[in-house]
Ligand code: CA
C-alpha cells in the first residue's frame, strides 16, 4: 500500500483529500502545517507528498526543500494557487517533482498520483543494462549516474529525465515525449517543469565533469521541438 502525506491547512480540501485517497486504497496521513509535515517526515517513510505551498506557519517552498532532503526517494507534488506561479518555479528548483494548480478535479489528481507511483515501480523492476554515453554511465536499475567514474548526485526526476535522454542518446526527443515518459501522460499544465529540470541537470552534470575531469555531457536544446543528449562530447 502506497503511503501518502497530505500537507494542507484548508480543512475542506484536506479532509476531502484524505477520505478520497483512503477510498482509493492509499494510506493517507493528513497534517495542517509545515512543522507537522517536517515532524512526520522523520517519523516514517512516504511514497508521495502532496504539499500545499500556502501554509500558516512556514514558507511552503522551504518546507519543500527540507522534505526533499529528508525524503530523497519520495515524489513531491506541490499544490498551488494561481497567484503562486513564481513559487512553482522556485519550488521545482527546491526539489519538487510536479505541481497541480488549485482548483483541480480529484480524478486529475488521482491520475497524476497513479502515474508517479507506477513509474516508481516500473523503474524498480527494470532489467535493462546501463546506458553509456561518452564518460557518462546511467544505470536505471541501480538508479545510479556516474560521470568519469564519480557518482553524480541527482534528484529523482532529474535522474528519470537523464535516463530517458540517455536511452535515446543522439536522437531528438520531443518535449511531449519527455513530459509523457518522465512526468505524466495526462499532462494538462505548462511544461516549464521540463525546462527547470533540464537546467538543473545541466548544472549538476557540469559540476560533476569539472570535479572528475570527465568529458562534459551536452544536452542540446532543439527550439520548438525538445532536447537531445549528444553522443560526442565537444
Ligand atoms: Ca493553504
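Please report how far the C-alpha centroid of the range 141-210 lies from that of the range 62-87, rounded to the nearest whole angstrom. Using only Cα atoms to place each centre, the spacing works out to 18 Å.
Extending 7 Å from Cα along the Cβ direction at residue 132 and again at residue 24 yields two label points whose distance is 4.2 nm. Beta bridges per DSSP, both residues in the chain: antiparallel share near 45 percent. By the equivalent-ellipsoid construction on the alpha carbon gyration tensor, the chain comes out with semi-axes of 32, 18, 17 Å, ordered largest to smallest. Between 0 and 90 degrees, the angle of helix 156-167 with respect to the longest Cα principal axis of the chain falls at about 30 degrees.
Packing around the peptides 12-22, 26-36, taken as the average count of other Cβ atoms within 10 Å per residue, puts them in this order, highest first: 26-36, 12-22. In the chain, the longest principal axis of the Cα atoms and the axis of helix 11-23 are about 70 degrees apart.
Can you compute the FRET efficiency between residue 58 and residue 212 using 1/(1 + (r/R0)^6), with r the Cβ-Cβ distance and R0 = 45 Å? Round to the nearest 0.05. So, using R0 = 45 Å, E works out to roughly 0.75. In the chain, the longest principal axis of the Cα atoms and the axis of helix 192-212 are about 50 degrees apart. The length gained on full extension between residue 142 and residue 192, counted as 0.36 nm times the residue separation minus their Cα-Cα distance, comes to 15.2 nm.
From its DSSP helices (H runs of at least four residues, each -39,500 (n - 2.57)), the chain gives a residue-normalised ellipticity at 222 nm of -13500 deg cm²/dmol.
Readers should treat all values here as calculations from the given coordinates under stated rules, not as data from a laboratory. Because the structure is predicted, anything quoted here is derived from the model rather than measured. Note that each Cβ is placed from the backbone with ideal geometry, even for glycine, and that neighbours are counted across all protein chains shown.
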